[in-house]
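I have placed the structure first, in the form of structure tokens, so that the comments after it can refer back to it.
Every number here is computed from the coordinates shown, using simple stated rules; none is lab data. Model, not experiment: these values are computed from the prediction. Note: ideal-geometry Cβ built from the backbone for every residue, glycine included; neighbour counts use all protein chains shown.
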Amino acid sequence: MPRKSAVNKPIQTGTNKMPDFVNCNLTDDQKDFVKANVLPLKELFDQLDDLVADNYKITMSYDDQTDCYSVFMIGKDNQTINNGLMLSAYAPILSGALSLLLFKHFTVLKEDWVKHTQGNNPASWR
């Protein structure tokens, strides 16, 4: 049964474009660094708060098939370079997945994802 908020909601067609995926694979050394330095919750939430205020959409979910948390960040402001792009991270714990996402955004990609886009092919999302 659909959630109450979904009942009688008009269906939009052709207005939502799938974001282009950003391919940012970390080296084993980078993964080990983030794993050893998972950010404390206050720092995670402070950084996430700043990103949401900068008009990024951040979603989180748990994937039963891989037994890990998935986090996604989408640039949704027409004034930013990352508009329409999606960055993702996966980890066994939510704080680890969020730490990976922030590490990719701030450290590896230096807040500019354009050179790493792979289109919107879901097969390339891992």
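ASP49 to ASP29: FRET efficiency via 1/(1 + (r/R0)^6), r the Cβ-Cβ distance, R0 41 Å, to the nearest 0.05? Numbers along the way, then the final one.
Details: r = 29 Å, r/R0 = 0.71.
FRET efficiency, ASP49 to ASP29: 0.90.
Taking every Cα atom in segment 18-124, find the radius of gyration and the maximum pairwise distance Dmax, and write them in Å.
13.1, 37
Considering Cα pairs under 8 angstrom that are at least six residues apart, work out the relative contact order of segment 18-124 and quote it in whole percent.
Working: 169 pairs, mean separation 39.0, N = 107.
Taking the mean separation of contacting Cα pairs over the length of segment 18-124, I get 36 percent.
Check segment 18-124 and count each lysine pair with an alpha-carbon distance under 22 angstrom, considering only pairs eight or more places apart or from different chains.
17
Going 7 Å from the Cα of VAL114 along its beta-carbon direction, which residues of segment 43-63 have the amide nitrogen within less than 19 Å of the resulting point?
Within reach of a label on VAL114: 55-56.
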